[in-house]
Amino acid sequence: MSYQEVYAEAQRDPEGFWMGAAEAIDWDRAPSKALFADNAPLYEWFADGMVNTCWNAVDRHVEAGHGDRIAIIHDSPVTHSKHEITYAELQARVASLAGALRARGIEKGDRVIIYMPMVPEALEAMLACARLGAIHSVVFGGFAASELAVRIDDCTPKCIIAASCGLEPGRVVHYKPLLDGAIEQAKHSPEFCVIFQREQEVARLEEGRDFDWHGFQYGVEDAECVPVEGNHPAYILYTSGTTGAPKGVIRHTAGHLVALNWSMRNLYDMNPGEVFWAASDVGWVVGHSYICYAPLVFGCTTLVFEGKPVGTPDAGTFWRVIQDHGVKALFTAPTAFRAIKRDDPQGALVGDYDLSSLETLFLAGERADPDTIEWAQDKLRVPVIDHWWQTETGWCIAGNPMGIEPLPVKLGSPTVPMPGYDVRILDEGGHEVPRGELGAIAIKLPLPPGCLPNLWNAEARYRKSYLEHFPGYYETGDAGYRDEDGYLFIMARTDDVINVAGHRLSTGGMEEVLASHPDVAECAVIGVADPLKGQMPMGFLCLNSGVERSEADVVADCVRLVRERIGPVAAFKLACVVSRLPKTRSGKILRATMVKIADGEDFKLPATIDDPAILDEIAEALKGLGYPR
Ligand code: COA
Ligand code: AMP
């Protein structure tokens, strides 16, 4: 069947299409139907089925005689180690860990926070939760203690599983003090913590609260898989919104399994037994879906890479990993390729390795700029496929269905909607705009299986953030257009979210931190274009009158404060002091105009601007920071 036929079939008969896709999943009780719409506009998929994610990701492959197949490869240039775990070994390790968690009282529905670096144990912790029906929430290691504390208070975990440390190039990330600090700051206290002690740093355990990963598994009985309802939350993953409070995206169990499994063959063109490598982090949605769940559910080998595209030790690392492990598909963010291109512009290191196993490079997480795509195509000589998705959707909204029918690539476009996504471009009034015209990108409800059904503890926020602006649609927060051939182009966010090195960050969240500085009267954070990271945050500070400290000291404080409160991942390093902020007469800060000045783009003076003279001061301050570049 062609892509057009598959897409049309999913539109014409979603029940038949998704029930068909669901046959690839092992059910404890098959669902009676696919879509549950009684509570529209909140929808659920396969709600009355009974199923277990861990069974589908691990045990069923062992049962089917594939126990010797490699499930996980850990390749860690930062610790100079590599090792492999078979499906049978993974089953034993996960059943034991789940048994130990159960022995300490973890049951179906309990929340467990996982705060770990890129080690296989992070996946094992996720799978052990899934085995018990416990709901995990993985927190990215680059977040600070206070961000962890916010998540502890929101999802109130009974247990936190962490590692003693992570390893960034040239720096040890001390997870344990961050964890202790977060628990101290949070109102909610977990009953216990499990610490995976790494040999690079052994952390101090608190008697009675903290248990050693290995020690606490001693003598416990293995846990079997607990079947859960199709609409039981598999996990909560926090992501940035407009304000500092992150949104807890919920993923339901059954739709997640069906959609991810479908995507492995149809989108990524994979077969069971082949090696899939998502070079991301388990703390992000890409890591959840394509480092952990999808490759394992589909019976592939997944690669857990603990390193960077450059500097560990050089810009040839990705090629070495592809060669050493026979990677068939690599999935990463364009920023990784920009980093490689910057260090090795000619791609000289590519020739040192045998990349014959690699068939496709997939890019996502931020706009894939044509230069980067062309460079990758030229050096790797494989199709370079951009695809667009979000934490909320959990899998690709628009992509190039390589396993159905590779469509011609158009640079700058993630190609076409995947089955089940009815993507529309709307004007402010919610009317569809003609082809080629820019508008808000919305998806007609219901979203397909695998997408968020709600936000944790925040249904009103879910409705307000996604459903209310365009009734009957899910508002993506992205703006873009569709061309004559139906190809989508994603151009910008319509909210205060910025994308730094493929990481989604809230400028509103950074403003909240800056505003808490005693010398700061008012502030604005914008995302400016950056050749490596796509965007970089930049802060403008208006100080209280009578501040005695130097402007440079306050700026340095603010940079430190964002790192302390949000974390190094915010990459907040650029800030300056200005006397006032440009605003409309009604007081709205003109952030978009500031971005245009910083990026050196033409802009129209907003008709509603209160005091145009301030733009000269902004331009002057930007010049001081080296912008436009
Ligand atoms: N734990 C702790 N700290 C982390 C971290 C983690 N897991 N990941 C990143 N950080 C820190 C970095 O060490 C850096 O700290 P520094 O300010 O002390 O240098 C800071 O957070 C900013 O990180 P990042 O924006 O990633 O910049 P970088 O200079 O370290 O690396 C790239 C730049 C492009 C190499 C890197 O961003 C990259 O590999 N990106 C790949 C894309 C990706 O994984 N995207 C995820 C979604 S698909
Ligand atoms: P996240 O939730 O962290 O995955 O970030 C999702 C956001 O990243 C989207 O809403 C887009 O703004 C951006 N994004 C992700 N993939 C792409 C892509 N292929 N092209 C353009 N923007 C993208």
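Of everything in the stretch 499-525 that's away from ligand 1 (no atom under 12 Å from the Cβ) and under 21 Å from the mean Cα position of the chain (by Cα), which residue is surrounded by the most Cβ atoms within 10 Å (Cβ to Cβ)?
Among residues in the stretch 499-525 that are away from ligand 1 (no atom under 12 Å from the Cβ) and under 21 Å from the mean Cα position of the chain (by Cα), the one surrounded by the most Cβ atoms within 10 Å (Cβ to Cβ) is Met510.
Would you tally the residues in the stretch 169-196 being touching a residue at least 24 places away in the same chain (Cβ under 8 Å), outside any helix (DSSP H, G or I) and either under 27 Å from Arg93 (Cα atoms) or open to solvent by 80 Å² or more (accessible area, probe 1.4 Å) (or both)?
The qualifying residues number 11.
If the requirement is being modelled with pLDDT under 95 and either within 16 Å of ligand 2 (Cβ to nearest atom) or surrounded by fewer than 24 Cβ atoms within 10 Å (Cβ to Cβ) (or both), which of these qualifies: Arg342, Arg367?
Exactly one residue qualifies, and that residue is Arg367.
Condition check ((1) touching a helix residue (DSSP H, G or I) at 6+ places or on another chain (Cβ under 7 Å); (2) under 26 Å from Trp284 (Cβ atoms)) across all residues:
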{"position": "Gly65", "(1), (2)": "no, no"}
{"position": "His74", "(1), (2)": "yes, yes"}
{"position": "Lys82", "(1), (2)": "no, yes"}
{"position": "Arg93", "(1), (2)": "yes, yes"}
{"position": "Ala103", "(1), (2)": "no, no"}
{"position": "Gly109", "(1), (2)": "no, yes"}
{"position": "Ile113", "(1), (2)": "yes, yes"}
{"position": "Pro117", "(1), (2)": "no, yes"}
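Which numbered condition trips up Arg463, out of (1) over 22 Å from the mean Cα position of the chain (by Cα); (2) away from ligand 2 (no atom under 16 Å from the Cβ); (3) charged (D, E, K, R)?
Single failed check for Arg463: (1).
Within the stretch 120-143, count every residue that is assigned to a loop (DSSP other than H, G, I, E, B) and over 17 Å from the mean Cα position of the chain (by Cα).
2
So, of the residues in the stretch 355-378 that are within 24 Å of Ile291 (Cβ to Cβ) and among the acidic types (Asp, Glu), which turns out to be farthest from ligand 1 (Cβ to nearest atom)?
Glu359
Which residues, taken from the stretch 308-324, are closer than 24 Å to His387 by Cβ, in contact (Cβ under 8 Å) with a residue 40 or more places away in the chain and open to solvent by 30 Å² or more (accessible area, probe 1.4 Å)?
Scanning the stretch 308-324 gives a single hit, Lys308.
So for the stretch 431-445 (the condition being in contact with a Pro (Cβ under 6 Å, 6 or more places away or on another chain), farther than 30 Å from Val150 by Cα and within 14 Å of ligand 2 (Cβ to nearest atom)), does at least one residue qualify?
no
If you take the residues of the stretch 284-307 that are out of contact with any Pro (no Cβ under 9 Å at 6 or more places or on another chain) and open to solvent by 10 Å² or more (accessible area, probe 1.4 Å), which of them is farthest from ligand 1 (Cβ to nearest atom)?
Across the stretch 284-307, the extreme among qualifying residues is Val285.
Could you list, in sequence order, the residues of the stretch 161-187 that are under 18 Å from Ile566 (Cα atoms) and touching a His at 6+ places or on another chain (Cβ under 8 Å)?
Within the stretch 161-187, no residue meets the criteria.
Looking at the structure I just gave you, is Leu488 within 15 Å of ligand 1 (Cβ to nearest atom), on the phi < 0 side of the Ramachandran plot, touching a residue at least 12 places away in the same chain (Cβ under 8 Å) and not polar (S, T, N, Q)?
no
Find the residue count for the stretch 266-283, including only residues that are assigned to a loop (DSSP other than H, G, I, E, B) and either open to solvent by 10 Å² or more (accessible area, probe 1.4 Å) or within 14 Å of ligand 1 (Cβ to nearest atom) (or both).
Residues in the stretch 266-283 being assigned to a loop (DSSP other than H, G, I, E, B) and either open to solvent by 10 Å² or more (accessible area, probe 1.4 Å) or within 14 Å of ligand 1 (Cβ to nearest atom) (or both): 10 in total.
Which residue, of Arg549, Arg563, is part of a loop (DSSP other than H, G, I, E, B) and touching a residue at least 12 places away in the same chain (Cβ under 8 Å)?
Arg549
Does Tyr87 fit the bill of being within 29 Å of Pro313 (Cβ to Cβ), among the aromatic types (Phe, Trp, Tyr) and away from ligand 2 (no atom under 16 Å from the Cβ)?
So Tyr87 does not fit the description; no.
Scan the stretch 203-212 and give yes if some residue there is surrounded by 22 or more Cβ atoms within 10 Å (Cβ to Cβ) and within 30 Å of Thr253 (Cα to Cα), otherwise no.
no
Conditions (1) over 30 Å from Glu229 (Cβ atoms); (2) out of contact with any strand residue (DSSP E or B) (no Cβ under 9 Å at 6 or more places or on another chain); (3) more than 12 Å from ligand 1 (Cβ to nearest atom); (4) among the hydroxyl-bearing types (Ser, Thr, Tyr), marked per residue:
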residue	(1), (2), (3), (4)
Gly99	no, yes, yes, no
Lys108	no, no, yes, no
Leu123	no, no, yes, no
Ile135	no, no, yes, no
Val138	no, no, no, no
Phe143	yes, no, no, no
Ala149	yes, yes, yes, no
Arg171	yes, yes, no, no
Glu184	yes, yes, yes, no
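Among His288, His232, which is more than 16 Å from ligand 2 (Cβ to nearest atom), touching a residue at least 40 places away in the same chain (Cβ under 8 Å) and within 26 Å of Cys451 (Cβ to Cβ)?
Just a single option satisfies the conditions, and that option is His232.
Checking the condition in contact (Cβ under 8 Å) with a residue 40 or more places away in the chain, over 27 Å from Glu15 (Cβ atoms) and open to solvent by less than 20 Å² (accessible area, probe 1.4 Å), which residue from Gly436, Gly412 passes?
Of the residues listed, the single one that is in contact (Cβ under 8 Å) with a residue 40 or more places away in the chain, over 27 Å from Glu15 (Cβ atoms) and open to solvent by less than 20 Å² (accessible area, probe 1.4 Å) is Gly412.
Anything in the stretch 585-605 that is open to solvent by less than 80 Å² (accessible area, probe 1.4 Å), closer than 14 Å to Asp616 by Cα and in a loop (DSSP other than H, G, I, E, B)? List them, or say none.
Once the filter is applied, which keeps residues that are open to solvent by less than 80 Å² (accessible area, probe 1.4 Å), closer than 14 Å to Asp616 by Cα and in a loop (DSSP other than H, G, I, E, B), the stretch 585-605 yields Leu590, Gly600.
Is there any pair linking a residue in the stretch 1-29 that is more than 22 Å from Pro295 (Cα to Cα) to one that is modelled with pLDDT under 95 and hydrophobic (A, V, I, L, M, F, W, C), with Cβ under 7 Å and at least six apart or on different chains, and which?
Partner pairs satisfying both residue conditions: none exist.
Failed condition for Ala95, given (1) in a strand (DSSP E or B); (2) within 22 Å of Ile161 (Cβ to Cβ); (3) away from ligand 2 (no atom under 16 Å from the Cβ), with all others met?
All conditions are met except number (1).
The values are calculated or read from the model by the stated rules, or taken from the named source; none is laboratory data. On a predicted model such as this, the values are computed, not experimentally measured, just so you know. With ideal geometry, Cβ positions are generated from the backbone for all residues, glycine too; neighbour counts draw on all protein chains shown. Keep in mind that these areas ignore ligands, DNA and RNA; they rest on the heavy atoms of the full protein, side chains included. Shrake-Rupley method; radii C 1.70, N 1.55, O 1.52, S 1.80 Å.
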